[in-house]
Amino acid sequence: MKFLLKIISHIEEILVVIMMAYMTIMNFLNVVFRSVASMSFSFTEELTVTVFVWVTMFGIALGFKKNAHLGMSYFVDHFHGKAKAALVIFSGLCSLALMGGLVVYGIEMVEGQITMGSTTPVLGMPQYVQGLSIPVGAFFVCIHILEATIIEAKKLIGGNGGSQS
């Protein structure tokens, strides 16, 4: 299981790096061409927005993986031991419920986009390419919420004092 989580994590990190590089390069080239040749690439805005949404969802997943999210840390940090572990688990369950809702409603949204045949204005790209980022990204977030919650709860129950959230 740890091997699978490691592979998923590396894929997410590689995708985020590639997408961030794409956004940086395309926006830079667009600015240069607009300044030098007084023309711009009309498609870059559409693609950059789409890539940005994907990066955001994968970034949230990586934040949970590295336990770099806020969670309920202000409240949870006032407790110790098993009470703190219970609150960490409760926080994880709340996060899972939210992301589970995003998966379910994200799938419904994508189904609607496919049914309506909606496309982007400039490229005519299917709108579900962008919409898929919500359920797919939320699914990856769920994986990392489970992972982070289990690790943190084991630390607290094991008596290691816990870590900072």
(request) For region 84-165, state what percent of all Cα-Cα pairs lands in each successive 10 Å bin, counting from 0 Å until the bin that includes the largest distance. (result) 18, 34, 22, 15, 9, 2
(request) Pull out the extension gain between ALA97 and HIS80, defined as 0.36 nm times the separation in residues minus the alpha carbon to alpha carbon distance; nm, one decimal. (result) 3.7 nm
(request) Determine, for each peptide in 28-39, 88-99, the mean count of other beta carbons within 10 angstrom over its residues, then list the peptides with the highest first. (result) 88-99, 28-39
(request) Would you check the chain for Lys pairs whose C-alpha atoms are within less than 18 Å, ignoring same-chain pairs closer than 8 in sequence, and give me the count? (result) 14
(request) Let me know the Rg and Dmax you get for region 43-114 when you use only its Cα atoms, in Å. (result) 16.6, 54
(message) Given the DSSP H assignment, sum -39500 (n - 2.57) over each helix run of at least 4 residues in the chain and divide by its residue total; what's the result at 222 nm in deg cm²/dmol, nearest 500?
(response) -27000 deg cm²/dmol
(message) Calculate the FRET efficiency for ILE157 and THR56 from the Cβ-Cβ distance with a Förster distance of 25 Å, rounded to the nearest 0.05.
(response) 0.15
(message) Using Cα springs under 10 Å in a Gaussian network model of the chain, which residue among PHE43, PHE58, PHE140 shows the largest mean-square fluctuation?
(response) PHE43
(request) Measure out, as a whole number of angstrom, how far apart the alpha-carbon centroids of region 1-60 and region 77-106 sit. (result) 30 Å
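Values quoted throughout were computed directly from the atomic coordinates according to the rules given, and no laboratory measurement underlies them. All values reported here derive from a predicted model rather than from experimental measurement. With ideal geometry, Cβ positions are generated from the backbone for all residues, glycine too; neighbour counts draw on all protein chains shown.
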